[in-house]
Amino acid sequence: MKSKEGKERHEIESVANCDRSIVPVRIESLIYIIREQQVMLDSDLARLYGVETKVLNQAVKRNIQRFPEDFMFQLTKEECLRSQIVTLNESRGRHLKYMPHVFTENGIAMLSSVLRSDKAIEVNINIMRAFSAMRNFLMNNAAIFQRMDQLEMKQLKTDEKVDAILDKLSDNDRPKEGIFFNGQIFDAYALIADLIRQANKRIVVIDNYIDDSVLVQLSKRQAGVTVDIYDGQISKQLKQDVEKHNEQYPGVTLYKYTKAHDRFLIIDEEVYHIGASLKDLGKKLFAFSKMDVMTGSELLSGL
């Protein structure tokens, strides 16, 4: 009977003899930087050695004491995606049912004691040279990589500035004034709904004719945005409607205020004068305008 060692060597060499036509590749292109270490995939190593991936992993498993975590480790799904390893291996026809193992430089050196064929020795020598070349390249170009990092940081800051400008332009695109004619019910409804969605902290409604239809509009606000409603006539029905509304969309508070003639809508600090009650928008001719003469806090301080 063959010894365990002899059986293992025969298994590896027999597979290798069946696949002598290995496509030449630049080994450097198969080296990844993962967990701040230079590593190679089990499938790429197996291809270089001329064996199947499962044969390589079986040989390693039988000698697992020689491969501590700093010699070999299994990748997570996130690491595969981040390093585009999943895409690369799927394009080679390998379905990744299990996450691949990778070997560090020390782990690859240890493989030479497990895969003892002449081809394995030759391949290992070439891999060690590739690792050295890659290490020298990184060291010699450290200043360039540092410069690239600095440029990336500057680009991120530039992108942030561009986003801020676009946000500002978006704010400027909001309608500041306009007129709705009789029958433009949906257009007026859509305008107020859009303003309500843009609120980040608070909404204030000053309107003497609030009903449940206005609460439906206010349900479109972002989570956490509070609503203060100032109404001159708070009926029992309105109180009940607000209570039911708050059970699902908490944050609405009713205040009785009888000294307002016009209607106002405050979105954070922006003040809009509305020529009609929010419940009647579009039913008759009315106008609206953004009041740039004061902030929402200034208006509320005068109530």
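Taken together, the values in this text are just the output of simple stated rules run on the coordinates, not laboratory data. From a predicted model like this one, the values you see are computed outputs, not experimental measurements. So basically every Cβ, Gly included, is an ideal-geometry build from the backbone, and we count neighbours across all protein chains shown.
So here's what we get for this one:
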{"quantity": "The range 188-303: C-alpha gyration tensor shape, a/c 1.5 cut-off, then a/b vs b/c", "calculated": "rounded"}
{"quantity": "J(HN,Hα) series, the range 28-35, from Karplus relation 6.51 cos²θ - 1.76 cosθ + 1.60, nearest Hz, glycine and proline x", "calculated": "4, 6, 9, 9, 10, 9, 9, 6"}
{"quantity": "Charge dipole (debye, nearest 20) of the range 244-303; +1 at Cβ of Lys and Arg, -1 at Cβ of Asp and Glu", "calculated": "440"}
{"quantity": "³J(HN,Hα), Karplus 6.51/-1.76/1.60, whole Hz, each residue of the range 241-252, x for Gly, Pro", "calculated": "4, 5, 4, 5, 4, 5, 5, 10, 10, x, x, 9"}
{"quantity": "Estimated FRET transfer efficiency when R0 is 25 angstrom, pair GLN237-LYS259 (beta carbons, to 0.05)", "calculated": "0.65"}
{"quantity": "Nonlocal amide H pairs with ILE274, under 5 Å, H built at 1.01 Å", "calculated": "ARG263, PHE264, LEU265"}
{"quantity": "For MET99, residues with placed amide H under 5 Å, excluding near neighbours", "calculated": "none"}
{"quantity": "Neighbour net charge for GLY232 - beta-carbon separation under 10 angstrom, K R +1, D E -1", "calculated": "0"}
{"quantity": "Length gained when the stretch ILE33-MET134 is fully extended (0.36 nm per residue, less Cα-Cα span)", "calculated": "35.3 nm"}
{"quantity": "Paramagnetic reach from LYS244 (point 7 Å along Cα→Cβ, amide N under 19 Å) across the range 193-220", "calculated": "209-220"}
{"quantity": "Whole-Hz ³J(HN,Hα) from phi, Karplus 6.51 cos²θ - 1.76 cosθ + 1.60, for the range 216-226, glycine and proline x", "calculated": "4, 4, 5, 5, 7, 6, 5, 4, x, 7, 8"}
{"quantity": "Local electrostatic count, GLY296, Cβ distance below 9 Å [Lys/Arg +1, Asp/Glu -1]", "calculated": "-3"}
{"quantity": "Modelled FRET efficiency - R0 25 Å, ILE179 with ASP212, Cβ distances, 0.05 increments", "calculated": "0.40"}
